[in-house]
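The structure appears right after this line, and notes come after that.
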Amino acid sequence: MTKKKKILITGGSGFLGSTLVKKLSAEGNDVYVFDNEFRGSKNRIKGTSISKYIVGDIRKKRDLDKIKLKFDYIFHLAFINGTNFFYEKPKLVLDVGIKGILNVLECIKFNRQSKFILASSSEVYNYPKKIPTDEKTEIMIPDITNPRFSYSAGKIISEIVTINFLKEKKIPYLIFRPHNIFGPNMGNNHVIPEIIKKIYVASSKFNKKNCKISIQGSGNETRSFCFVNDAIDQLNFMYKKRDSNNQIFNIGQRNEIKIKRLIQDISKILDIKVRIISKPLLKGSVKRRCPNMSKLLKIGYKNNDNYFTGLRQTVLWYKNILIK
C-alpha cells in the first residue's frame with residue numbers, strides 16, 4: 001500500500017490548482033491549500049477532502065508562517081494569470097511573482113525528502129526560435145518596456161530563484177511549463193471563454209444562428225490547446241518520478257491549432273455560424289505556440305489528448321453561465 005503524502009499547493013483554489021487538489025486528494029494524500037482567492041475560489045474545491053484550507057497572501061511572510069508543517073511535496077502555483085492583468089496591472093503581477101517565490105522558498109519548512117514543484121509558463125519562450133519548442137530553447141524578454149512581459153518575467157525569475165535557492169539546500173525541484181491549458185471554470189480572461197462570450201452575445205442580440213465577431217489577428221495564429229484533465233495527468237505522472245528531479249518539462253499537446261479552427265470548433269458546439277472580423281494583434285502577442293513533448297514521453301508518459309471532449313465540456317459550461 002502506497003504511503004499517503006503530505007502536500008502543500010499554493011494557488012490551490014485557482015483553475016489549474018483546484019484540478020490538481022482534486023486529483024491528489026482523490027489519491028488519498030493529505031492536501032493543504034494556500035490561497036488568497038484573488039482569482040481563485042474555494043467553491044472550485046467544494047466537496048473535496050482536504051486537510052486544511054489556509055487563506056493568505058503569498059507576498060506576506062506572516063501569512064506563510066501560518067503553515068507550521070513540513071511537506072513531502074510543495075506545489076507553487078500562486079501567480080496572477082490573465083492577459084488583461086499583464087497589460088493593466090504589471091506591478092501587481094511582478095509583486096506576486098517575485099515576492100511569492102522568494103517567500104515560499106524562505107518560509108516553507110522542507111523535509112529531507114521534500115520536492116518542490118514550480119508552475120512556470122510557455123510564456124517564458126515568448127518568440128521561440130523553433131516550433132515545436134523544446135525545453136532547451138532560449139527563454140527571453142523581448143521588450144522590457146512592454147507590460148505584457150511582466151508575467152513571463154516573473155516566471156523566468158521564479159525559475160532562476162528555484163534552481164539556485166534549492167541547489168544550496170539540496171532539495172530536488174521540478175519546473176513545468178504549461179501550454180494553453182483550458183477547461184470549465186477557467187476564468188474569463190482567456191481566449192476560449194472570450195470567444196464563447198463574443199459568439200453568444202453577438203448571436204443573442206438578433207436571436208440568429210449566425211453572427212460575426214472581431215478577434216485580434218487574422219485567425220491564422222496558433223496555439224496547442226490542452227484540456228486541464230490531460231495537463232494534470234501529465235503533471236501527476238511526472239512529479240513523483242526521480243527522472244523529473246531538477247528538470248524542466250513542457251506540459252501540453254503537440255497539435256498546433258489555428259485560432260480560426262478553434263472558433264469553428266466552438267461554433268459547431270454552439271450550432272452558430274460565425275464570421276470573423278480581423279483586428280490588429282496587441283503588441284507583444286505571439287503568433288505561434290506549440291510545445292515539443294518528447295522529453296515527457298521519453299520518461300514513459302503515454303499521451304492522451306481530450307481536446308474535443310474538453311472543448312465541448314468547456315463551451316457548454318460557459319454557455320450555461322451566460323444563460324443564467
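Cross-link list Lys3/Lys61; Lys129/Lys240; Lys209/Lys319: which exceed 26 angstrom alpha carbon to alpha carbon? Beyond 26 Å between Cα atoms: Lys3/Lys61; Lys129/Lys240. Ligands, DNA and RNA aside, Lys260 has an accessible area near 70 Å² when probed at 1.4 Å. Against the compact-protein benchmark of 2.2 N^0.38 Å, the Cα-based radius of gyration of the chain scales to 0.99. Taking a sphere under 13 Å around the Cβ of Phe15 and counting the other residues whose Cβ falls inside, with K and R at +1 and D and E at -1, yields a net charge of +1.
Spatial offset of the range 162-234 relative to the range 39-74 amounts to 24 Å, using the alpha carbon center of each. When restricted to Cα atoms, the range 199-317 yields an Rg and a Dmax of 17.5, 57 Å, respectively.
Applying the Kirkwood pairwise sum to the alpha-carbon positions of the range 90-151 produces a hydrodynamic radius of 14.0 angstrom. Spherically averaged projected area of the convex hull of Cα atoms, the range 21-142: 9.4 nm². Between Lys61 and Lys298, the simple spin-label model (points 7 angstrom out along Cα→Cβ) gives 4.0 nm. Take the range 52-199 with all the other protein chains still there, run a 1.4 Å probe, and you get 44 Å² of accessible area per residue. Suppose we look only past 30 Å in the calculated P(r) of the range 92-250. What percent of the Cα-Cα pairs does that tail hold? The share of Cα pairs beyond 30 Å in the range 92-250 comes to 27 percent. For the range 131-180, the gyration tensor built on C-alpha atoms gives an oblate shape. Its axis ratio a/c (a ≥ b ≥ c) is at least 1.5, and a/b is not larger than b/c.
Would you please state the base-10 log of I(q)/I(0) at q = 0.19 1/Å for the range 23-80, with intensities from the Debye formula using one equal scatterer on every alpha carbon? Taken in order of the listed q values, log10 I(q)/I(0) reads -0.75. Considering only Pro291, Ser244, Tyr173, and ranking their Cα positions along the charge dipole of the range 163-291 that arises from unit charges at the beta-carbon of Lys, Arg, Asp and Glu, the one farthest toward the positive end is Pro291.
Cross-link pairs exceeding 24 Å in C-alpha to C-alpha distance, out of Lys198/Lys260; Lys155/Lys283; Lys52/Lys169, comprise Lys52/Lys169.
The values are calculated or read from the model by the stated rules, or taken from the named source; none is laboratory data. Just so it is clear, the structure is predicted and the values come from calculations on it, not from any experiment. Glycine gets a Cβ as well: all are built from the backbone with ideal geometry, and neighbour counts include every protein chain shown. Surface accessibility is based on the protein's heavy atoms, side chains included, excluding ligands, DNA and RNA. Shrake-Rupley method; radii C 1.70, N 1.55, O 1.52, S 1.80 Å.
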